[in-house]
Amino acid sequence: MAQPQVFISYSRPDDACFGKNTRGWVTALADNLHKLLQQQPGGRAFKVWMDHHLPPEKSLSPGLSEALGQSAALLALLSPGWLDSQWCPGELDHYLARHGGRTDERVFLAEYLRSDRARLPMAVQGLVPVAFWEQATEHAAPMPLGFPSPGDDDRLYWTLLRELAHAIGRCLGRDATQADAPPARKVWIATPTDDLRQAAVELAGTLRQLGLEVIDTEDALMTKRGAEAEAELATALAEADLLLQCFGPHAGRVYADLNESTTALQHRVARQVAQAKGKSLLTWRPPELKLEDLPDPAYRALLTGSLACGLEAFKRQVADELKPRTATAPSAATAAAHSAAAPAGQPSLLNDTRASGLPPLICVSADAIDQQLGQDVLGLLAQLGAEALLAPEPNPDLPADQWRSHYEQALVESDGLLVVYGRSQPLWVQSRLAASRRMIANRRAATRTGLLDASPLHAGELPIRMADLARMDCRAGLTPAPLQTYVQQLRQGMQGQAGGLAGV
(Lines give C-alpha, C1' and ligand atoms only; values in the text may rest on other atoms or scores of the structure.)
Protein backbone atom coordinates (compact mmCIF):
# COMPACT_ATOMS: atom_id res chain seq x y z
CA MET A 1 0.00 0.00 0.00
CA ALA A 2 1.39 3.39 -1.01
CA GLN A 3 2.38 5.79 1.73
CA PRO A 4 -0.29 8.51 2.18
CA GLN A 5 0.94 11.95 1.24
CA VAL A 6 0.35 15.68 1.13
CA PHE A 7 0.08 16.78 -2.51
CA ILE A 8 1.68 20.15 -3.37
CA SER A 9 -0.12 21.97 -6.18
CA TYR A 10 2.11 24.74 -7.54
CA SER A 11 3.02 26.75 -10.61
CA ARG A 12 6.41 25.75 -12.06
CA PRO A 13 7.64 29.38 -12.53
CA ASP A 14 7.20 29.89 -8.76
CA ASP A 15 9.86 27.21 -8.20
CA ALA A 16 12.54 28.87 -10.34
CA CYS A 17 16.14 28.55 -9.11
CA PHE A 18 18.30 31.64 -8.67
CA GLY A 19 22.00 30.92 -8.78
CA LYS A 20 24.01 27.71 -9.02
CA ASN A 21 23.40 24.80 -6.66
CA THR A 22 20.21 26.37 -5.27
CA ARG A 23 16.74 25.01 -4.78
CA GLY A 24 13.50 26.59 -5.92
CA TRP A 25 11.30 28.31 -3.35
CA VAL A 26 8.55 25.68 -3.59
CA THR A 27 11.02 22.79 -3.40
CA ALA A 28 12.51 24.27 -0.23
CA LEU A 29 9.07 24.76 1.30
CA ALA A 30 8.06 21.16 0.48
CA ASP A 31 11.25 19.80 2.05
CA ASN A 32 10.93 21.95 5.17
CA LEU A 33 7.24 21.12 5.50
CA HIS A 34 8.05 17.40 5.31
CA LYS A 35 10.60 17.74 8.13
CA LEU A 36 8.21 19.72 10.33
CA LEU A 37 5.40 17.28 9.61
CA GLN A 38 7.55 14.44 10.95
CA GLN A 39 7.51 16.21 14.33
CA GLN A 40 3.71 16.18 14.52
CA PRO A 41 1.80 13.34 16.26
CA GLY A 42 1.34 10.62 13.64
CA GLY A 43 3.09 12.76 11.03
CA ARG A 44 5.78 10.18 10.25
CA ALA A 45 3.19 8.08 8.44
CA PHE A 46 2.87 10.75 5.74
CA LYS A 47 5.14 12.30 3.15
CA VAL A 48 5.05 15.56 1.20
CA TRP A 49 4.90 15.07 -2.58
CA MET A 50 5.40 17.45 -5.49
CA ASP A 51 5.97 16.76 -9.16
CA HIS A 52 9.38 18.03 -10.34
CA HIS A 53 9.11 16.75 -13.91
CA LEU A 54 5.83 18.13 -15.21
CA PRO A 55 6.50 19.92 -18.53
CA PRO A 56 5.07 23.43 -18.75
CA GLU A 57 1.48 23.78 -19.99
CA LYS A 58 0.73 20.07 -19.69
CA SER A 59 -2.80 19.11 -18.65
CA LEU A 60 -3.62 16.79 -15.77
CA SER A 61 -1.93 13.49 -16.59
CA PRO A 62 -2.84 9.97 -15.43
CA GLY A 63 0.25 10.03 -13.21
CA LEU A 64 -0.85 13.21 -11.45
CA SER A 65 -4.39 11.88 -11.17
CA GLU A 66 -3.02 8.77 -9.44
CA ALA A 67 -0.89 10.90 -7.10
CA LEU A 68 -3.94 12.97 -6.17
CA GLY A 69 -5.84 9.78 -5.46
CA GLN A 70 -3.17 8.69 -2.97
CA SER A 71 -3.12 12.06 -1.20
CA ALA A 72 -4.55 12.52 2.28
CA ALA A 73 -4.41 16.32 1.89
CA LEU A 74 -3.73 18.93 -0.78
CA LEU A 75 -1.75 22.13 -0.30
CA ALA A 76 -2.32 24.70 -3.05
CA LEU A 77 0.45 27.33 -3.29
CA LEU A 78 -1.54 30.18 -4.77
CA SER A 79 -0.05 32.86 -6.99
CA PRO A 80 -1.06 34.73 -10.16
CA GLY A 81 0.81 32.02 -12.07
CA TRP A 82 -1.14 29.28 -10.26
CA LEU A 83 -4.47 30.88 -11.15
CA ASP A 84 -3.49 31.35 -14.80
CA SER A 85 -2.09 27.84 -15.13
CA GLN A 86 -3.84 25.39 -17.41
CA TRP A 87 -3.49 22.53 -14.91
CA CYS A 88 -3.17 23.85 -11.33
CA PRO A 89 -6.86 24.77 -10.82
CA GLY A 90 -7.69 21.44 -12.42
CA GLU A 91 -5.71 19.63 -9.72
CA LEU A 92 -7.79 21.35 -7.05
CA ASP A 93 -11.06 20.64 -8.90
CA HIS A 94 -10.06 16.99 -9.32
CA TYR A 95 -9.24 16.65 -5.63
CA LEU A 96 -12.49 18.33 -4.54
CA ALA A 97 -14.48 16.06 -6.84
CA ARG A 98 -12.99 13.02 -5.14
CA HIS A 99 -14.37 14.29 -1.82
CA GLY A 100 -17.83 15.26 -2.95
CA GLY A 101 -16.96 18.89 -3.67
CA ARG A 102 -16.20 19.67 -0.02
CA THR A 103 -12.89 20.64 1.54
CA ASP A 104 -13.47 18.18 4.41
CA GLU A 105 -10.51 19.90 6.12
CA ARG A 106 -8.23 18.19 3.58
CA VAL A 107 -7.47 21.26 1.45
CA PHE A 108 -4.99 23.86 2.67
CA LEU A 109 -4.18 27.14 0.98
CA ALA A 110 -0.94 29.12 1.07
CA GLU A 111 0.01 32.15 -0.99
CA TYR A 112 3.40 32.45 -2.65
CA LEU A 113 2.22 35.84 -3.88
CA ARG A 114 -1.00 37.76 -3.45
CA SER A 115 -3.77 36.15 -5.49
CA ASP A 116 -7.34 36.87 -6.55
CA ARG A 117 -9.12 34.48 -4.19
CA ALA A 118 -12.47 35.19 -5.83
CA ARG A 119 -11.30 33.01 -8.73
CA LEU A 120 -11.11 29.95 -6.48
CA PRO A 121 -13.95 27.42 -6.25
CA MET A 122 -16.67 28.47 -3.80
CA ALA A 123 -15.99 25.30 -1.78
CA VAL A 124 -12.61 26.68 -0.63
CA GLN A 125 -13.28 30.42 -0.53
CA GLY A 126 -14.06 30.11 3.17
CA LEU A 127 -10.53 28.85 3.86
CA VAL A 128 -7.98 31.41 5.01
CA PRO A 129 -4.69 31.11 3.07
CA VAL A 130 -1.36 31.32 4.88
CA ALA A 131 0.25 34.37 3.25
CA PHE A 132 3.95 33.65 2.64
CA TRP A 133 4.57 37.13 1.25
CA GLU A 134 4.87 40.66 2.51
CA GLN A 135 4.62 44.13 1.04
CA ALA A 136 6.75 46.87 2.55
CA THR A 137 4.55 49.71 1.31
CA GLU A 138 1.26 50.02 -0.53
CA HIS A 139 2.93 50.58 -3.90
CA ALA A 140 5.91 48.27 -3.43
CA ALA A 141 6.10 44.93 -5.18
CA PRO A 142 5.08 42.01 -2.91
CA MET A 143 7.97 39.76 -1.92
CA PRO A 144 7.75 36.10 -0.91
CA LEU A 145 9.02 35.38 2.58
CA GLY A 146 12.38 33.66 2.62
CA PHE A 147 13.06 34.58 -1.01
CA PRO A 148 14.93 33.23 -2.89
CA SER A 149 15.63 30.63 -0.18
CA PRO A 150 14.79 30.85 3.56
CA GLY A 151 17.53 31.49 6.10
CA ASP A 152 17.74 31.04 9.83
CA ASP A 153 16.74 34.66 10.41
CA ASP A 154 13.51 34.44 8.39
CA ARG A 155 11.45 34.13 11.58
CA LEU A 156 8.04 34.88 10.09
CA TYR A 157 8.56 32.29 7.33
CA TRP A 158 9.41 29.57 9.85
CA THR A 159 6.60 30.57 12.18
CA LEU A 160 4.01 30.36 9.41
CA LEU A 161 5.42 27.09 8.10
CA ARG A 162 5.35 25.59 11.59
CA GLU A 163 1.72 26.60 12.02
CA LEU A 164 0.88 25.15 8.61
CA ALA A 165 2.57 21.86 9.50
CA HIS A 166 0.67 21.78 12.78
CA ALA A 167 -2.68 22.31 11.01
CA ILE A 168 -1.96 19.62 8.41
CA GLY A 169 -0.66 17.24 11.07
CA ARG A 170 -3.80 17.73 13.14
CA CYS A 171 -5.93 16.89 10.09
CA LEU A 172 -3.87 13.81 9.21
CA GLY A 173 -3.79 12.72 12.84
CA ARG A 174 -7.57 12.70 12.91
CA ASP A 175 -7.58 10.63 9.73
CA ALA A 176 -5.20 8.11 11.33
CA THR A 177 -7.55 7.63 14.31
CA GLN A 178 -10.81 8.21 12.49
CA ALA A 179 -12.23 4.86 13.57
CA ASP A 180 -12.04 5.88 17.22
CA ALA A 181 -12.96 9.54 16.74
CA PRO A 182 -16.53 10.71 17.38
CA PRO A 183 -18.37 11.93 14.29
CA ALA A 184 -18.08 15.64 13.56
CA ARG A 185 -21.01 17.78 14.66
CA LYS A 186 -23.00 19.22 11.79
CA VAL A 187 -24.07 22.85 11.34
CA TRP A 188 -26.43 24.06 8.62
CA ILE A 189 -25.99 27.54 7.15
CA ALA A 190 -28.89 28.79 5.06
CA THR A 191 -28.03 29.86 1.52
CA PRO A 192 -27.93 33.68 1.71
CA THR A 193 -28.74 36.29 -0.88
CA ASP A 194 -25.75 37.44 -2.94
CA ASP A 195 -25.10 40.50 -0.76
CA LEU A 196 -24.31 38.25 2.24
CA ARG A 197 -22.53 35.44 0.45
CA GLN A 198 -19.09 36.58 1.64
CA ALA A 199 -20.27 36.67 5.27
CA ALA A 200 -21.67 33.15 4.96
CA VAL A 201 -18.43 31.92 3.40
CA GLU A 202 -16.40 33.39 6.30
CA LEU A 203 -18.78 31.83 8.81
CA ALA A 204 -18.49 28.42 7.14
CA GLY A 205 -14.70 28.68 7.11
CA THR A 206 -14.62 29.41 10.83
CA LEU A 207 -16.86 26.46 11.61
CA ARG A 208 -14.73 24.09 9.55
CA GLN A 209 -11.61 25.30 11.36
CA LEU A 210 -13.39 24.35 14.60
CA GLY A 211 -13.71 20.78 13.30
CA LEU A 212 -17.41 21.01 12.38
CA GLU A 213 -19.10 19.74 9.25
CA VAL A 214 -21.06 22.40 7.37
CA ILE A 215 -24.24 21.30 5.61
CA ASP A 216 -24.70 23.15 2.31
CA THR A 217 -28.18 23.03 0.76
CA GLU A 218 -27.69 25.54 -2.04
CA ASP A 219 -28.26 22.88 -4.71
CA ALA A 220 -31.62 22.01 -3.16
CA LEU A 221 -32.82 25.59 -3.74
CA MET A 222 -31.96 25.64 -7.45
CA THR A 223 -35.20 23.86 -8.42
CA LYS A 224 -37.98 25.98 -9.86
CA ARG A 225 -40.57 24.45 -7.54
CA GLY A 226 -40.66 25.46 -3.92
CA ALA A 227 -42.35 22.21 -2.86
CA GLU A 228 -39.35 20.20 -4.11
CA ALA A 229 -36.90 22.52 -2.34
CA GLU A 230 -38.92 22.26 0.87
CA ALA A 231 -38.77 18.45 0.85
CA GLU A 232 -35.00 18.36 0.25
CA LEU A 233 -34.39 20.97 2.93
CA ALA A 234 -36.38 19.10 5.55
CA THR A 235 -34.37 15.93 4.90
CA ALA A 236 -30.99 17.67 4.99
CA LEU A 237 -31.71 19.81 8.06
CA ALA A 238 -32.79 16.82 10.13
CA GLU A 239 -29.10 15.81 10.37
CA ALA A 240 -27.93 19.20 11.69
CA ASP A 241 -26.95 19.80 15.32
CA LEU A 242 -27.30 23.58 14.91
CA LEU A 243 -29.15 25.74 12.36
CA LEU A 244 -27.90 29.17 11.25
CA GLN A 245 -29.34 31.79 8.91
CA CYS A 246 -27.94 35.15 7.80
CA PHE A 247 -30.41 37.85 6.75
CA GLY A 248 -29.76 40.70 4.32
CA PRO A 249 -31.92 43.57 3.08
CA HIS A 250 -33.53 41.42 0.34
CA ALA A 251 -35.53 38.21 0.58
CA GLY A 252 -34.27 36.69 -2.67
CA ARG A 253 -36.19 35.13 -5.55
CA VAL A 254 -39.74 33.85 -5.08
CA TYR A 255 -41.06 30.35 -5.79
CA ALA A 256 -44.19 30.73 -7.92
CA ASP A 257 -45.92 27.59 -6.60
CA LEU A 258 -45.61 28.68 -2.96
CA ASN A 259 -45.46 32.46 -3.41
CA GLU A 260 -42.59 32.37 -0.92
CA SER A 261 -39.00 33.64 -1.14
CA THR A 262 -35.95 31.41 -0.77
CA THR A 263 -35.11 33.18 2.49
CA ALA A 264 -38.59 32.75 3.95
CA LEU A 265 -38.81 29.11 2.84
CA GLN A 266 -35.49 28.22 4.46
CA HIS A 267 -36.49 29.99 7.67
CA ARG A 268 -39.87 28.26 7.84
CA VAL A 269 -38.40 24.80 7.30
CA ALA A 270 -35.57 25.50 9.76
CA ARG A 271 -38.04 26.55 12.46
CA GLN A 272 -40.10 23.42 11.91
CA VAL A 273 -37.03 21.18 12.16
CA ALA A 274 -35.69 23.05 15.20
CA GLN A 275 -38.99 22.65 17.05
CA ALA A 276 -39.45 19.00 16.07
CA LYS A 277 -35.85 17.93 16.80
CA GLY A 278 -35.12 20.18 19.78
CA LYS A 279 -32.34 22.03 17.93
CA SER A 280 -31.31 25.68 18.15
CA LEU A 281 -31.89 28.10 15.27
CA LEU A 282 -29.75 31.23 15.37
CA THR A 283 -30.45 34.07 12.96
CA TRP A 284 -28.26 37.09 12.29
CA ARG A 285 -28.35 40.36 10.44
CA PRO A 286 -25.69 43.09 10.06
CA PRO A 287 -26.10 45.87 12.65
CA GLU A 288 -26.45 48.47 9.91
CA LEU A 289 -29.60 46.71 8.62
CA LYS A 290 -32.40 48.55 10.40
CA LEU A 291 -35.81 46.87 10.54
CA GLU A 292 -37.63 50.18 10.15
CA ASP A 293 -35.96 50.62 6.75
CA LEU A 294 -37.48 47.43 5.32
CA PRO A 295 -40.56 48.28 3.22
CA ASP A 296 -42.07 44.75 3.27
CA PRO A 297 -43.87 44.19 6.61
CA ALA A 298 -43.75 40.37 6.20
CA TYR A 299 -40.00 40.38 5.68
CA ARG A 300 -39.59 42.86 8.53
CA ALA A 301 -41.46 40.47 10.82
CA LEU A 302 -39.25 37.61 9.66
CA LEU A 303 -36.11 39.47 10.75
CA THR A 304 -37.52 40.58 14.11
CA GLY A 305 -35.56 38.91 16.88
CA SER A 306 -32.51 38.12 14.74
CA LEU A 307 -29.11 38.91 16.26
CA ALA A 308 -28.04 42.39 15.15
CA CYS A 309 -24.27 42.47 15.71
CA GLY A 310 -20.96 42.22 13.90
CA LEU A 311 -20.03 38.98 12.18
CA GLU A 312 -17.24 38.26 14.68
CA ALA A 313 -19.68 38.65 17.55
CA PHE A 314 -22.10 36.27 15.83
CA LYS A 315 -19.30 33.71 15.42
CA ARG A 316 -18.72 33.99 19.16
CA GLN A 317 -22.42 33.40 19.83
CA VAL A 318 -22.33 30.33 17.59
CA ALA A 319 -19.26 28.96 19.38
CA ASP A 320 -20.99 29.57 22.72
CA GLU A 321 -24.07 27.70 21.53
CA LEU A 322 -21.92 24.68 20.66
CA LYS A 323 -20.38 24.55 24.14
CA PRO A 324 -21.87 22.35 26.86
CA ARG A 325 -24.52 24.35 28.67
CA THR A 326 -23.86 25.63 32.20
CA ALA A 327 -26.08 27.26 34.75
CA THR A 328 -24.24 30.59 34.51
CA ALA A 329 -23.78 30.87 30.76
CA PRO A 330 -27.07 31.12 28.82
CA SER A 331 -27.03 30.02 25.21
CA ALA A 332 -27.08 32.43 22.31
CA ALA A 333 -30.63 31.28 21.57
CA THR A 334 -31.67 32.27 25.09
CA ALA A 335 -29.92 35.62 24.73
CA ALA A 336 -31.72 36.16 21.43
CA ALA A 337 -35.06 35.45 23.08
CA HIS A 338 -34.33 38.04 25.78
CA SER A 339 -33.20 40.48 23.09
CA ALA A 340 -36.37 40.06 21.08
CA ALA A 341 -38.56 40.36 24.19
CA ALA A 342 -36.84 43.45 25.62
CA PRO A 343 -39.08 46.55 25.64
CA ALA A 344 -38.12 49.37 23.35
CA GLY A 345 -35.41 51.55 24.85
CA GLN A 346 -34.24 48.91 27.34
CA PRO A 347 -30.70 47.46 27.15
CA SER A 348 -30.48 44.20 25.17
CA LEU A 349 -28.76 41.26 26.83
CA LEU A 350 -27.39 40.32 23.43
CA ASN A 351 -25.79 43.66 22.73
CA ASP A 352 -24.29 43.96 26.23
CA THR A 353 -22.65 40.70 27.27
CA ARG A 354 -21.94 42.08 30.73
CA ALA A 355 -25.46 41.12 31.74
CA SER A 356 -25.40 37.66 30.15
CA GLY A 357 -22.82 35.85 32.32
CA LEU A 358 -20.45 35.41 29.39
CA PRO A 359 -16.68 35.55 29.96
CA PRO A 360 -14.94 38.79 28.95
CA LEU A 361 -14.14 39.16 25.26
CA ILE A 362 -10.75 40.74 24.56
CA CYS A 363 -9.72 42.20 21.22
CA VAL A 364 -5.97 41.57 20.80
CA SER A 365 -4.26 43.93 18.35
CA ALA A 366 -0.83 43.02 17.01
CA ASP A 367 1.24 44.34 14.12
CA ALA A 368 2.05 41.97 11.25
CA ILE A 369 5.50 41.21 12.64
CA ASP A 370 3.98 40.32 16.04
CA GLN A 371 1.19 38.02 14.83
CA GLN A 372 2.77 34.95 16.46
CA LEU A 373 3.08 36.84 19.73
CA GLY A 374 -0.58 37.76 19.40
CA GLN A 375 -1.48 34.09 18.92
CA ASP A 376 0.49 33.18 22.05
CA VAL A 377 -1.43 35.84 23.99
CA LEU A 378 -4.72 34.37 22.72
CA GLY A 379 -3.70 31.00 24.12
CA LEU A 380 -2.87 32.41 27.56
CA LEU A 381 -6.13 34.37 27.70
CA ALA A 382 -8.07 31.20 26.89
CA GLN A 383 -6.31 29.41 29.76
CA LEU A 384 -7.39 32.25 32.05
CA GLY A 385 -11.04 31.76 31.13
CA ALA A 386 -11.36 34.76 28.79
CA GLU A 387 -12.44 34.79 25.17
CA ALA A 388 -10.23 36.62 22.70
CA LEU A 389 -9.98 37.43 19.02
CA LEU A 390 -7.04 38.71 17.01
CA ALA A 391 -8.02 42.04 15.50
CA PRO A 392 -7.99 42.23 11.69
CA GLU A 393 -4.92 43.85 10.22
CA PRO A 394 -4.83 45.92 7.00
CA ASN A 395 -4.16 43.92 3.85
CA PRO A 396 -3.89 44.90 0.20
CA ASP A 397 -7.15 43.12 -0.69
CA LEU A 398 -9.25 45.23 1.69
CA PRO A 399 -9.93 48.97 1.20
CA ALA A 400 -8.84 51.11 4.12
CA ASP A 401 -12.39 52.20 5.00
CA GLN A 402 -13.60 48.59 5.10
CA TRP A 403 -10.69 47.56 7.32
CA ARG A 404 -11.44 50.44 9.68
CA SER A 405 -15.10 49.40 9.82
CA HIS A 406 -14.16 45.78 10.61
CA TYR A 407 -11.67 46.83 13.27
CA GLU A 408 -14.09 49.26 14.88
CA GLN A 409 -16.80 46.58 14.96
CA ALA A 410 -14.41 44.18 16.69
CA LEU A 411 -13.64 46.89 19.27
CA VAL A 412 -17.20 47.81 20.12
CA GLU A 413 -18.15 44.15 20.59
CA SER A 414 -15.27 43.57 23.03
CA ASP A 415 -14.90 44.20 26.74
CA GLY A 416 -11.20 44.93 26.51
CA LEU A 417 -8.57 46.00 24.00
CA LEU A 418 -5.07 44.58 24.42
CA VAL A 419 -2.38 46.10 22.20
CA VAL A 420 0.68 43.86 21.85
CA TYR A 421 4.15 45.41 21.55
CA GLY A 422 6.96 43.04 20.63
CA ARG A 423 9.07 43.67 17.56
CA SER A 424 6.80 46.29 16.03
CA GLN A 425 7.79 49.93 15.76
CA PRO A 426 6.87 52.20 18.71
CA LEU A 427 5.08 54.49 16.25
CA TRP A 428 2.71 51.64 15.32
CA VAL A 429 1.82 51.08 18.99
CA GLN A 430 1.22 54.78 19.57
CA SER A 431 -0.93 55.20 16.46
CA ARG A 432 -2.96 52.05 17.21
CA LEU A 433 -3.70 53.21 20.76
CA ALA A 434 -4.66 56.69 19.56
CA ALA A 435 -6.92 55.41 16.76
CA SER A 436 -8.57 52.82 19.03
CA ARG A 437 -9.21 55.42 21.70
CA ARG A 438 -11.22 57.50 19.20
CA MET A 439 -13.18 54.46 18.02
CA ILE A 440 -14.36 53.46 21.50
CA ALA A 441 -14.85 56.99 22.84
CA ASN A 442 -18.62 56.95 22.23
CA ARG A 443 -19.24 53.39 23.40
CA ARG A 444 -21.90 53.18 26.12
CA ALA A 445 -19.99 50.65 28.22
CA ALA A 446 -16.35 51.14 29.18
CA THR A 447 -13.67 49.26 27.26
CA ARG A 448 -10.58 48.54 29.34
CA THR A 449 -7.44 49.20 27.29
CA GLY A 450 -4.23 47.33 28.01
CA LEU A 451 -0.68 47.42 26.65
CA LEU A 452 1.36 44.21 26.77
CA ASP A 453 5.02 45.13 26.45
CA ALA A 454 7.10 42.17 25.27
CA SER A 455 9.73 44.28 23.54
CA PRO A 456 13.47 43.49 23.86
CA LEU A 457 15.02 44.34 27.23
CA HIS A 458 17.32 46.92 25.66
CA ALA A 459 14.36 48.86 24.23
CA GLY A 460 13.33 51.95 26.13
CA GLU A 461 9.93 52.45 27.72
CA LEU A 462 7.29 53.74 25.35
CA PRO A 463 6.52 57.43 25.94
CA ILE A 464 2.80 56.85 26.46
CA ARG A 465 0.73 58.36 29.24
CA MET A 466 -2.94 57.45 28.96
CA ALA A 467 -5.53 57.44 31.72
CA ASP A 468 -6.62 53.96 32.83
CA LEU A 469 -4.11 52.23 30.54
CA ALA A 470 -3.28 48.82 32.03
CA ARG A 471 0.41 48.16 31.34
CA MET A 472 1.75 44.60 31.43
CA ASP A 473 5.52 44.14 31.55
CA CYS A 474 6.44 40.91 29.75
CA ARG A 475 9.84 41.97 28.47
CA ALA A 476 11.51 39.16 30.43
CA GLY A 477 9.12 36.64 28.86
CA LEU A 478 5.43 36.10 28.28
CA THR A 479 3.82 34.89 31.52
CA PRO A 480 0.16 34.58 32.57
CA ALA A 481 0.44 36.64 35.77
CA PRO A 482 0.08 40.16 34.24
CA LEU A 483 -2.71 38.93 31.96
CA GLN A 484 -4.51 37.36 34.91
CA THR A 485 -4.64 40.72 36.67
CA TYR A 486 -6.00 42.33 33.50
CA VAL A 487 -8.72 39.66 33.09
CA GLN A 488 -9.73 40.07 36.74
CA GLN A 489 -10.09 43.83 36.22
CA LEU A 490 -12.34 43.17 33.21
CA ARG A 491 -14.51 40.76 35.20
CA GLN A 492 -14.91 43.29 38.00
CA GLY A 493 -15.90 45.97 35.53
CA MET A 494 -18.42 43.65 33.87
CA GLN A 495 -19.97 42.76 37.23
CA GLY A 496 -20.35 46.43 38.05
CA GLN A 497 -21.94 47.13 34.69
CA ALA A 498 -24.30 44.18 35.11
CA GLY A 499 -25.35 45.54 38.51
CA GLY A 500 -26.04 48.91 36.95
CA LEU A 501 -28.19 47.32 34.25
CA ALA A 502 -30.15 45.36 36.86
CA GLY A 503 -31.17 48.61 38.48
CA VAL A 504 -32.39 50.19 35.27
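Once backbone amide H atoms are built at 1.01 Å from N, Ser280 has Leu243 as its partners under 5 Å, excluding neighbours fewer than 5 places away on the same chain.
The label point for Lys290 and the one for Asp195, both projected 7 Å from the Cα toward the Cβ, are 1.5 nm apart.
The residues of segment 429-488 expose on average 56 square angstrom of accessible surface per residue, using a 1.4 Å probe on protein heavy atoms. With 0.36 nm allotted per residue and the present C-alpha distance subtracted, the Ala467-Ala45 stretch has 146.4 nm of extension available.
Just the protein heavy atoms count here, and of the accessible area of segment 259-306 at 1.4 Å, carbon and sulfur take up 48 percent.
Estimated at 0.36 nm per residue, the fully extended path between Glu218 and Ala118 surpasses their Cα-Cα distance by 34.2 nm. Couplings 3J(HN,Hα) of segment 374-388, computed from phi: x, 5, 4, 5, 4, x, 5, 5, 5, 5, 8, x, 9, 9, 8 Hz, in residue order, whole Hz [Karplus 6.51 cos²θ - 1.76 cosθ + 1.60, θ = phi - 60°; x for Gly and Pro].
Which order do Ser149, Ser365, Ser280 take when ranked by solvent-accessible area (1.4 Å probe, heavy atoms of all protein chains), largest first?
Per-residue accessible area, sorted high to low, gives Ser149, Ser280, Ser365.
Applying 1/(1 + (r/R0)^6) with R0 = 41 Å to the Cβ-Cβ distance of Lys20 and Ala97 gives a FRET efficiency near 0.50. Based on protein heavy atoms only, segment 207-250 ends up with 48 Å² per residue of surface accessible to a 1.4 Å probe.
Heavy-atom accessible area with a 1.4 Å probe sorts Ile362, Ile369, largest first, into Ile369, Ile362. For Val48, which sequence-distant residues (separation of 5 or more, or a different chain) have an amide H within less than 5 Å of its own amide H, given hydrogens modelled in the peptide plane? Amide H to amide H, under 5 Å and 5 or more residues apart or across chains, Val48 pairs with Val6.
Proximity of backbone amide H atoms, modeled 1.01 Å from N, is registered between Val130 and Leu109, Ala110, Glu111 at under 5 Å, excluding neighbours fewer than 5 places apart on the same chain.
The values are calculated or read from the model by the stated rules, or taken from the named source; none is laboratory data. Every value quoted in this text rests on a predicted model; they were computed, and no experiment measured them. All Cβ positions, glycine included, derive from the backbone under ideal geometry; neighbour counts span all protein chains shown. Protein only, heavy atoms only, side chains kept; ligands, DNA and RNA dropped before computing areas. Shrake-Rupley method; radii C 1.70, N 1.55, O 1.52, S 1.80 Å.
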